[in-house]
Amino acid sequence: MADPEVVRQWLIRADDDLAFASVNLREGSSFYAQICFHFHQAAEKYLKAFIVAHDLEFEKLHNLMHLLRLCAKKEPSLTRLLDHCETLNTAYIDTRYPVQWPTNYTKEKAVQAESSAKAIANVIKTVLNV
C-alpha cells in the first residue's frame, strides 16, 4: 500500500503548478508557452499521484498519453481524460526546447490547457477520494 503522505506531496506539487499557471494566465502574462508547460506539469503530477497511490510501475517520463494508459489499467474510467491529455501532451517538448515545427501558444490555447489540467485534477482527486 502506498504511503498516503507521498501521494499527498505529489498532489500538493500538482496543485502548485496548476495555481502558478492559472495566476499567470489571469494576471495577463503573455508567456503562454511557459504557462502551458506548467499546466502540462500539473497534469503529469496528478497522473503520477494516481500511479503512486496504486503502487503501479512508476516511470520517469513526461508523455501524458502513456501515463494515462498506465492509470487506466487500474481504473478504466480514466480513459475519459484522453482528450485532455492529448491537449496538454505537446506542451512538454514544444515549450521547453527549440523545435523545427510551428508552434503557436496563444491566450486561447493557454485557456484550453487550463481547462484540461483542471479536468484532470478534478477526476484524479475524485477517484483518489481526496
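For the list (1) over 14 Å from the mean Cα position of the chain (by Cα); (2) surrounded by fewer than 14 Cβ atoms within 10 Å (Cβ to Cβ); (3) touching a residue at least 24 places away in the same chain (Cβ under 8 Å); (4) farther than 21 Å from Gln9 by Cα, I need the number of the one condition that Asp83 fails.
Going through (1) over 14 Å from the mean Cα position of the chain (by Cα); (2) surrounded by fewer than 14 Cβ atoms within 10 Å (Cβ to Cβ); (3) touching a residue at least 24 places away in the same chain (Cβ under 8 Å); (4) farther than 21 Å from Gln9 by Cα one by one, Asp83 breaks only (1).
Could you tell me whether any residue of the range 67-74 is more than 14 Å from Val127 (Cβ to Cβ) and over 15 Å from the mean Cα position of the chain (by Cα)?
no
Tell me which residues, restricted to the range 86-125, are among the β-branched types (Val, Ile, Thr), buried (at least 17 other Cβ atoms within 10 Å of the Cβ), outside any helix (DSSP H, G or I) and free of Cβ contacts under 8 Å to residues at least 60 places away in the same chain.
Initially, the range 86-125 is screened for residues among the β-branched types (Val, Ile, Thr), giving 87, 90, 93, 95, 99, 103, 106, 111, 120, 123-124.
Restricting the remaining residues to those that are buried (at least 17 other Cβ atoms within 10 Å of the Cβ) gives 87, 90, 95, 120, 123-124.
Then drop every residue that is not outside any helix (DSSP H, G or I), which leaves 90, 95.
Matches in the range 86-125: Thr90 only.
Out of everything in the range 1-40 that is among the polar types (S, T, N, Q) and at pLDDT 95 or above, what residue ends up being nearest to Lys118 (Cα to Cα)?
As a first pass, look at the range 1-40 and keep what is among the polar types (S, T, N, Q): 9, 22, 24, 29-30, 34.
When the remaining residues are screened for being at pLDDT 95 or above, the result is 9, 22, 24.
Numbers: Gln9: 18, Ser22: 10, Asn24: 15 Å.
Ranking the candidates gives Ser22 first.
The values are calculated or read from the model by the stated rules, or taken from the named source; none is laboratory data. Predicted, not measured: the structure shown is a model, and the values here were computed from it. Positions of Cβ are backbone-derived with ideal geometry, glycine not excepted, and every protein chain shown enters the neighbour counts.
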